[in-house]
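The structure under discussion appears below in the form of structure tokens.
Read-outs: derived from the displayed coordinates by stated rules, not from any lab. Source: prediction; values computed, not measured. With ideal geometry, Cβ positions are generated from the backbone for all residues, glycine too; neighbour counts draw on all protein chains shown.
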Amino acid sequence: MKKRVFIIHGWEGHPEEGWFPWLKKELEQRGFEVFVPAMPNTDEPKIEEWIPFLANLVGEPDENTYFVGHSIGCQAIMRYLETLENKKVGGAVFVAGWFHLVNLEGPKEKGITKPWIENKINLKKIKNASKKFIAIFSDNDEWVPLSDKDIFEKELGAEIIIESNKGHFIKDDGVTELPIVLESLLKISR
């Protein structure tokens, strides 16, 4: 059975941004079926829109189903995995994933992120959906506190990778290819 990968972009993101096209091409060259959807209402992402959209896109998950998330895309993947009952997926790679945010600009940004931060995630359910998680952080991300790595490590058993000077892993930070994500996905999908 073919391995499927769903790459979920972040807030204000889109399928053609940053390192997503590069990763899609690299994975397809290795035989993966890759989906990089345009998530709904990306300027004001809402849990109640993103999770059903992702569930519909994935269809029937199995152990050949993998995820790569960026920023709020990591939140969406975790919240999707939390809904799975008695189903396992292959694993997930989280890039700039978070449970807390810093340096939000104003009331609009705080309002958009409030439900994502305040509606707790059942990490035990997520861990039951897979045992293979890798979380990648940058040592100079202006929005994601590095301390969030501890939650991924302790609660999900994720392998933690800290990249140097990659910011929030976006094109504005000079990130258009991200080999560590490719390596991580290949590792968990063996």
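Contour minus end-to-end for residue 30 and residue 100, with contour as 0.36 nm per residue of separation and end-to-end as the Cα-Cα distance?
Using 0.36 nm per residue and subtracting the Cα-Cα distance, I get 21.7 nm.
Once the Cβ-Cβ distance between residue 114 and residue 2 is put in as r, and R0 is 35 Å, what FRET efficiency do you end up with, to the nearest 0.05?
0.35
Compare the peptides 8-21, 36-49 by average per-residue count of other Cβ atoms within 10 angstrom and give them in order, highest first.
Per-residue Cβ counts within 10 Å, averaged per peptide and sorted highest first, yield 8-21, 36-49.
Around residue 178, under 13 Å between beta carbons, what's the net of Lys plus Arg minus Asp minus Glu among the other residues?
Overall, the nearby charge balance is -2.
For segment 81-182, which trypsin sites (Lys or Arg not before Pro) are in a loop by DSSP, counting at most 14 other Cβ atoms within 10 Å?
120, 131
Fewest to most neighbouring Cβ within 10 Å: what's the order for 117, 170?
117, 170
If the chain between residue 12 and residue 146 were fully stretched, how many nm would it gain, using 0.36 nm times the residue separation less the Cα-Cα distance?
Net length gain for the segment: 46.0 nm.
Among rounded, prolate and oblate, which fits the chain when a ≥ b ≥ c are the square roots of the eigenvalues of its C-alpha gyration tensor, a/c under 1.5 means rounded, and a/b larger than b/c means prolate?
Since a/c stays below 1.5, the shape of the chain is classed as rounded.
With an 8 Å Cα cut-off and a minimum separation of 6 or more residues, compute the relative contact order for the chain in percent.
Computed over the chain, the figure is 23 percent.
How would you classify segment 1-100 from its alpha-carbon gyration tensor, with a ≥ b ≥ c the square roots of the eigenvalues: rounded for a/c under 1.5, else prolate if a/b is greater than b/c, otherwise oblate?
Because a/c hits 1.5 or more and a/b fails to exceed b/c, segment 1-100 counts as oblate.
Using alpha carbon centroids, what distance separates segment 112-190 and segment 44-66, in Å?
18
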